[in-house]
1. Test I22 against the stated conditions and say whether it is surrounded by fewer than 14 Cβ atoms within 10 Å (Cβ to Cβ) and within 16 Å of M104 (Cβ to Cβ).
2. Inspect all residues belonging to region 29-40 and state whether any of them is within 25 Å of T79 (Cα to Cα) and in contact with a Lys or Arg (Cβ under 9 Å, 6 or more places away or on another chain).
3. Which pairs have Cβ atoms under 9 Å, sit 6 or more apart or on different chains, and link a residue in region 24-44 that is of a type in the set (S, T, Y) to one that is modelled with pLDDT under 90 and part of a helix (DSSP H, G or I)?
4. If I go through region 23-59 residue by residue, how many of them are among the β-branched types (V, I, T) and either modelled with pLDDT of 95 or more or within 11 Å of the chain's Cα centre (by Cα) (or both)?
5. State whether the residues of region 58-80 include one that is charged (D, E, K, R) and at negative phi.
6. If you go through region 23-54, how many residues are assigned to a helix (DSSP H, G or I) and out of contact with any helix residue (DSSP H, G or I) (no Cβ under 9 Å at 6 or more places or on another chain)?
7. Which of the residues that make up region 91-116 are part of a helix (DSSP H, G or I), more than 12 Å from the chain's Cα centre (by Cα) and within 16 Å of G24 (Cβ to Cβ)?
8. Does region 61-69 contain any residue that is buried (at least 19 other Cβ atoms within 10 Å of the Cβ) and under 19 Å from V108 (Cβ atoms)?
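The values are calculated or read from the model by the stated rules, or taken from the named source; none is laboratory data. Just so it is clear, the model here is predicted, and its values are computed rather than measured. Positions of Cβ are backbone-derived with ideal geometry, glycine not excepted, and every protein chain shown enters the neighbour counts.
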Amino acid sequence: MRDLLLQCAGVLTIVVAVIHGILGETKVFPRASIEPERLRTLIRLVWQASTVAWIGGGVLLIATPWMGSEPARHWIVVTMACVFGLSAIANAWATRGRHFGWIMLSAVVALAIAGY
């Protein structure tokens with residue numbers, strides 16, 4: 001059961017990351033006025049780098065049960081819980097709780113910890 005919880009956390013992480021990337025490209029950046037253009041490109045790349053990093057974290061959570069290593073399981077879960085926990089807090093604070101992202105990221109943390 002705990003393996004399934006970790007894998008669900010991983011799948012949810014990937015879903016959240018993809019939504020994050022799509023919303024950035026369709027809702028955030030078309031409305032943002034960032035000058036100079038070079039800085040706009042840099043901020044867009046940093047935004048998408050976090051999308052790719054979250055996808056990588058999701059893949060690690062999915063793969064953890066097949067690693068056969070308790071230390072690997074420990075450190076992957078602890079690291080991902082910290083990363084997504086901080087992301088959830090930052091999202092809730094920045095949007096004053098009006099964005100669903102912090103709820104989704106909190107669900108990832110809860111699933112990962114439950115699968116620990």
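1. yes
2. no
3. Close Cβ pairs satisfying both conditions: S33/R40.
4. Residues in region 23-59 being among the β-branched types (V, I, T) and either modelled with pLDDT of 95 or more or within 11 Å of the chain's Cα centre (by Cα) (or both): 4 in total.
5. Yes, there is a match, as at least one residue in region 58-80 is charged (D, E, K, R) and at negative phi.
6. 12
7. A94, T95
8. yes
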